[in-house]
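Here is the structure we will look at.
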């Protein structure tokens, strides 16, 4: 294919007069394969031009097929070659991108509500609704409950207050409760191992009972009768068994010694559980005070209670120290104290 030339405008022209050529001779003998011709004419040369009458009508501008030579005449002794086809690049029209315009609304009335055809319409901007961006739905955050303070299982301040109270019966009741917790609720017992508790117990032991009232003379006489096996009335028996304030103070000293022994054993067990170590006897809370009562307290009942307290906290690690203490106590002038010391030594001998 050959390139199509650009369209040229066609104007009305006067066609020239051409004489008709002679009828060609179609003789196959005259056909030249190297330079073919029909009737002595090359295919690309026009044989004649027809006569056209003058055209007065307007000629529309539409593409006409031009007369062209598809195969140019070669020079003498040259072989015709086909024209090189170089097609022109096709350009496609680009459609303009149209963006949607917000519609403009015009007012139909002049200010004040009067219709006025001369009033130039003023464009009213139309607010294009903006796209609503969905907000992420946030669920209510979980409510984190603050940990409640752990309340102690034991009212420690209550214990300390009752132990420090000068009421002897109240002191005794508090110490009996300590023994009950250690024996029946051992998981709560470590809460009682407190410095203020030991201080209150030591204050009970150090109390000077000589300044309080002792048993009356009548009580002493009735008790002597009971020791001798004599019969007494129910009223006298109740009077003989009633404790005087001095006797209650001394009794509470014995209770306090035993309470210290209970709490010292709890303390030693907790230390061994945490560090696998044995606390020396003299390092146990208030243990030294118990030993001092065994040596120096004038009341035989208190010395005997000290032996029982030390025997309760015995441990293989304490065997040597306790043997020394009980051997000395075995020679006590009071028979009940000596007997208690001998029993404690027997228990140590059975210990591995």
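Any idea how many residues of region 176-195 are part of a helix (DSSP H, G or I) and under 17 Å from residue 267 (Cβ atoms)?
The number of residues fulfilling the criteria is 10.
May I ask you to verify whether residue 198 is in a helix (DSSP H, G or I), at pLDDT below 90 and within 18 Å of residue 259 (Cα to Cα)?
no
Is it the case, given these coordinates, that residue 124 is touching a strand residue (DSSP E or B) at 6+ places or on another chain (Cβ under 8 Å) and modelled with pLDDT under 70?
yes
Can you confirm whether residue 151 is loosely packed, with under 10 Cβ neighbours inside 10 Å, modelled with pLDDT under 90, out of contact with any strand residue (DSSP E or B) (no Cβ under 8 Å at 6 or more places or on another chain) and under 30 Å from residue 268 (Cβ atoms)?
Answer is yes for this residue.
Which residue out of 306, 335 is surrounded by 16 or more Cβ atoms within 10 Å (Cβ to Cβ) and modelled with pLDDT of 90 or more?
Only one candidate qualifies: 306.
What number of residues within region 298-343 are free of Cβ contacts under 8 Å to residues at least 24 places away in the same chain and not in a helix (DSSP H, G or I)?
Here the count works out to 4.
Restricting region 239-297 to residues that are over 50 Å from the mean Cα position of the chain (by Cα) and outside any helix (DSSP H, G or I), which is surrounded by the most Cβ atoms within 10 Å (Cβ to Cβ)?
Here the residue is 297.
In region 204-226, what count of residues is obtained for those that are surrounded by 14 or more Cβ atoms within 10 Å (Cβ to Cβ) and assigned to a loop (DSSP other than H, G, I, E, B)?
Count: 4.
The values are calculated or read from the model by the stated rules, or taken from the named source; none is laboratory data. All values derive from a computational prediction rather than experimental measurement. Ideal geometry is used to build each Cβ from the backbone, glycine not excepted, and the neighbour counts take in all protein chains shown.
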